[in-house]
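The values are calculated or read from the model by the stated rules, or taken from the named source; none is laboratory data. All values derive from a computational prediction rather than experimental measurement. Note that we place each Cβ from the backbone using ideal geometry, even for glycine, and neighbour counts take in every protein chain shown. Areas reflect the complete protein model, heavy atoms only, side chains present, ligands, DNA and RNA absent. Shrake-Rupley method; radii C 1.70, N 1.55, O 1.52, S 1.80 Å.
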Amino acid sequence: MRMEKAPTGRRSTADSARTSLCENCSISSSSGDEALRDKRARILSRGLPKQKPIEGVKQVVVVASGKGGVGKSTTAVNIALALAANDSAKEVGLLDADIYGPSIPKMMNLKGNPELTPKNLMRPLKNYGIACMSMGFLIEETAPVVWRGLMVMSAVEKLLRQVDWGQLDYLVIDMPPGTGDVQLSVSQNIPIAGAVIVSTPQDVALLDAHKGAEMFRKVHVPVLGLVQNMSVFQCPKCKHETHIFGTDGVRDLAKTLGLDILGDVPLHINIRETCDSGQPVVISQPQSDAAKAYLKIAMEILRRLPVPPS
């Protein structure tokens, strides 16, 4: 049996229904997309932490590195001491944000548990005129911190918010290596005046230093510059210089990133020995070349910091 075709130029009832349905779907899909975008925006705005200054602290400087083992903590300690040495009228604090591997207590020759104020805030321990706080004051020296991410973030929050710093001009934060939860949490929770990236000239370290600098840029933290650590080794007998980790790798990275070099720190046994003994080189050997290198870096940092709030 032959089926009759629908007259040309006319649409069947089914065609009309399908067209109407498609139009409705298109309208519904468009309004649904807008609603989804609005909902996502509300969730994101709720989830982003509001930056709140640390009470009593005028400016925060973070010292970071993409990779561990490049001398970041040694640099942070000596920078804090150099900031205080450059201007004795300034009050400087040092916060050890490396929860898993705190090293500030040993380098600053500090032991003991923080006292509590009537407001239940921890009082920093103090040496060489620097107020210090670290997870190392809250646990046994040899006890490992076997914590998951949430517990680490809670500890960081306590170190940021439950410490009575008094009145500080500068708080130097020794960040853990890498670009993970702690770095993001600190960057998003408090206003940071600037970040200092520490690296050796070695190619493997430079790759991670590049990532560290880019991370701070993504979270809108100004990078003040790079420190080239362990830049050269001078033989104490013949004075011959050897670039053990390479030559000018950090300088090349600085050019790539459009950043400044804040200074070079040599690979010198005195830097290691003084920190291990709890007498950092800026304090114990202020006239040494190593101490002068840190003092220069501190001056370069101060030149690049914004004008502090009154």
(request) Along Cα→Cβ, 7 Å out, is where each label goes; now give me the distance between the ones at Lys119 and Gln167 in nm to one decimal. (result) 1.5
(message) Taking every alpha carbon pair in the range 184-310, what does the distance histogram look like in 5 angstrom bins from 0, in percent?
(response) 2, 10, 18, 19, 19, 16, 10, 4, 1, 1, 0
(message) Under a crude label model (7 Å from the Cα following the beta-carbon direction), how far is Glu55 from Arg303 in nanometres?
(response) 3.8
(request) Assuming a ≥ b ≥ c are the square roots of the Cα gyration tensor eigenvalues, decide whether the range 57-304 counts as rounded (a/c under 1.5), prolate (otherwise, with a/b larger than b/c) or oblate. (result) prolate
(message) Could you work out the relative contact order of the range 57-304? I mean the mean sequence separation of Cα pairs under 8 Å and 6+ apart, divided by the number of residues, in percent.
(response) 26
(message) Taking just the alpha carbons, could you work out the radius of gyration and Dmax for the range 172-229, both in angstroms?
(response) 10.9, 32
(message) Between the range 74-145 and the range 211-231, what is the separation of their alpha carbon centroids in Å?
(response) 23
(message) Using a 7 Å offset from the Cα along the Cα-to-Cβ direction at both Gln234 and Ser154, what is the distance between the two label points in nm, to one decimal?
(response) 5.1
(message) What does the net charge come to around Gly212 if you take all other residues with beta carbon closer than 13 Å to its beta carbon, with K and R at +1 and D and E at -1?
(response) +3
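Which FRET efficiency value, to the nearest 0.05, do you get for Asn86 and Ala143 by plugging their Cβ-Cβ distance into 1/(1 + (r/R0)^6) with R0 = 41 Å?
0.65
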(message) Can you give me the solvent accessible area of Trp147 with a 1.4 Å probe, rounded to the nearest 10 Å²?
(response) 80
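Calculate what fraction, in whole %, of the accessible area of the range 118-236 sits on carbon and sulfur atoms when a 1.4 Å probe is rolled over the protein chains.
Details: 2980 of 5360 Å².
Percent of accessible area from carbon and sulfur atoms in the range 118-236: 56.
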